[in-house]
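S.K.: Below is one structure. I have some questions about it.
The values are calculated or read from the model by the stated rules, or taken from the named source; none is laboratory data. What you are looking at is a predicted structure, and each value in this text was computed from that prediction instead of being measured. Cβ coordinates were reconstructed from backbone atoms using ideal geometry, including for glycine residues, and neighbour counts include every protein chain displayed.
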Amino acid sequence: MFQKDYWLLFPAALVAFGVARFILSSVLKLITEAGFVRPNFRGDNIPVGAGFLFFLSALLPTSLLIFIAPEHYRTMGFIYLFALGSMTLLGMADDVFGSRADSGLKGHIKKMMRGELTTGGLKLTAGGFMSLAVAGAISHGWQEVVINTLVIALSVNAINLLDLRPGRAGKGFLLGVLLLFFGGWPSGNLIWAAITAGALLAYLPTDLRAEAMMGDTGSNALGATIGITSVLVLPEAAKIGYLVFLIGFHLFTEKYSLTRIIEKNKMLNYLDRLGRN
């Protein structure tokens, strides 16, 4: 799909990178002055929700694509911005109003079954409907809708689960994008991942230095991008394989600590710490 348009990937990513670099310090200042700071894993108070930058940086390149690129980018451009914006908003609500005491899918589901709504539960429910809406817009048949909904929703939470140390969610996203480029090249639909990746690359050094946290605001945006790109570019068998991996990953992380496993593995620990101060 859209194979002749793959040349647009680099310019779109470059525009997103440039916008992110230009507004990064202003966005961090705005967040700090508003009082949205939180202790990081070392106990230092830093801006949280800096991943808002990803949505802001995607607006210009996506708008340009909608107006000047081939017509088939119009619908997908709006779908991409809808998903990115809604998940950014839900993540921001969790970053600003959420309690760190409530975590994990099981915890949020149990509280919702007792009639208690946490920000994580809100994100889980509203994010599920967002995934369903996007899947319904791009799928053919109810079976594909179900598969695509699960892939998008679980991709969002998977990146969120990685966001426990500086740079980890960003590295996980970039690895996912790299795999999608291998699996989906030369689809023009890789452009949505390219735009988000461009914005992330401008921000990532700040995250690695633990000077800001992307928070759920950012990890939700990254996960939504991975999920949407996956359902657009992967062949059916690869998509189902990815869904099985996502389900296994969630079951595994409900039982075991991902951070402890990474720290005990020399190669994973090296990659996890790569780029940090």
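S.K.: Please go through region 60-83 and give me each residue that is surrounded by fewer than 16 Cβ atoms within 10 Å (Cβ to Cβ), touching a residue at least 40 places away in the same chain (Cβ under 8 Å) and either among the basic types (Lys, Arg) or not in a helix (DSSP H, G or I) (or both), ordered by number.
M.R.: Within region 60-83, Pro70 is the sole residue that qualifies.
S.K.: Go through region 236-277 and count every residue that is assigned to a helix (DSSP H, G or I) and closer than 19 Å to Leu161 by Cβ.
M.R.: So in region 236-277, the residues assigned to a helix (DSSP H, G or I) come out as 236-255, 258-264, 266-273.
Checking which are closer than 19 Å to Leu161 by Cβ leaves us with 242-255, 258-264, 268-269, 271-273.
Of the residues in region 236-277, 26 are assigned to a helix (DSSP H, G or I) and closer than 19 Å to Leu161 by Cβ.
S.K.: Would you confirm, using the coordinates I've provided, whether Ser57 is on the phi < 0 side of the Ramachandran plot, crowded, with 21+ Cβ neighbours inside 10 Å, of a type outside the set (A, V, I, L, M, F, W, C) and modelled with pLDDT of 90 or more?
M.R.: Numbers: on the phi < 0 side of the Ramachandran plot: yes; crowded, with 21+ Cβ neighbours inside 10 Å: yes; of a type outside the set (A, V, I, L, M, F, W, C): yes; modelled with pLDDT of 90 or more: yes.
Spelling it out, Ser57 is indeed on the phi < 0 side of the Ramachandran plot, crowded, with 21+ Cβ neighbours inside 10 Å, of a type outside the set (A, V, I, L, M, F, W, C) and modelled with pLDDT of 90 or more.
S.K.: Okay, next question. Evaluate region 184-193: report whether one residue or more is touching an Asp or Glu at 6+ places or on another chain (Cβ under 7 Å) and surrounded by 20 or more Cβ atoms within 10 Å (Cβ to Cβ). Break it down stepwise before answering.
M.R.: Kept after step one, since they are touching an Asp or Glu at 6+ places or on another chain (Cβ under 7 Å), are these residues of region 184-193: 188.
Filter once more, so that each one left must be surrounded by 20 or more Cβ atoms within 10 Å (Cβ to Cβ): 188.
Looking through region 184-193, at least one residue is touching an Asp or Glu at 6+ places or on another chain (Cβ under 7 Å) and surrounded by 20 or more Cβ atoms within 10 Å (Cβ to Cβ).
S.K.: For residues in region 84-99 being in contact with a Ser or Thr (Cβ under 8 Å, 6 or more places away or on another chain), assigned to a helix (DSSP H, G or I) and of a type in the set (Gly, Ala, Ser), which is farthest from Gly35 (Cα to Cα)?
M.R.: First, the residues of region 84-99 that are in contact with a Ser or Thr (Cβ under 8 Å, 6 or more places away or on another chain): 84, 88, 91-95, 97-99.
Next cut, assigned to a helix (DSSP H, G or I) only: 84, 88, 91-95, 97.
After this cut, where a residue has to be of a type in the set (Gly, Ala, Ser) as well, the list is 91, 93.
Values: Gly91: 17, Ala93: 14 Å.
Restricting to residues being in contact with a Ser or Thr (Cβ under 8 Å, 6 or more places away or on another chain), assigned to a helix (DSSP H, G or I) and of a type in the set (Gly, Ala, Ser), the top hit is Gly91.
S.K.: For region 13-57, give me the residue count where each residue is among the charged types (D, E, K, R) and either in a loop (DSSP other than H, G, I, E, B) or within 18 Å of the chain's Cα centre (by Cα) (or both). Don't jump to the end; show me each part of the working.
M.R.: Step one: of region 13-57, the residues among the charged types (D, E, K, R) are 21, 29, 33, 38, 42, 44.
Checking the rest, the ones that are also either in a loop (DSSP other than H, G, I, E, B) or within 18 Å of the chain's Cα centre (by Cα) (or both) come to 42, 44.
Of the residues in region 13-57, 2 are among the charged types (D, E, K, R) and either in a loop (DSSP other than H, G, I, E, B) or within 18 Å of the chain's Cα centre (by Cα) (or both).
S.K.: Any residue at all in region 101-121 that's under 30 Å from Thr75 (Cα atoms), modelled with pLDDT of 75 or more and either among the hydrophobic types (A, V, I, L, M, F, W, C) or surrounded by fewer than 13 Cβ atoms within 10 Å (Cβ to Cβ) (or both)?
M.R.: no
Yes or no, residue by residue, for (1) touching a Pro at 6+ places or on another chain (Cβ under 8 Å); (2) at pLDDT 95 or above; (3) under 26 Å from Met130 (Cβ atoms); (4) surrounded by 13 or more Cβ atoms within 10 Å (Cβ to Cβ):
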| residue | (1), (2), (3), (4) |
| --- | --- |
| Val233 | no, no, yes, yes |
| Ala238 | no, no, yes, yes |
| Leu246 | no, yes, yes, yes |
| Glu263 | no, no, no, yes |
| Lys266 | no, no, no, no |
| Arg273 | no, no, no, yes |
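S.K.: Residue pairs, Cβ under 8 Å, 6 or more apart or interchain, first in region 175-192 and farther than 26 Å from Asp272 by Cβ, second part of a helix (DSSP H, G or I) and charged (D, E, K, R). List them.
M.R.: Correct list of pairs: Gly188/Lys4; Gly188/Asp5; Ile191/Asp5.
S.K.: So which residues in region 158-216 are among the β-branched types (Val, Ile, Thr) and within 14 Å of the chain's Cα centre (by Cα)? Walk me through it before giving the result.
M.R.: Of all residues in region 158-216, those among the β-branched types (Val, Ile, Thr) come to 159, 177, 191, 195-196, 206.
The answer is Ile159, Val177, Ile195, Thr196.
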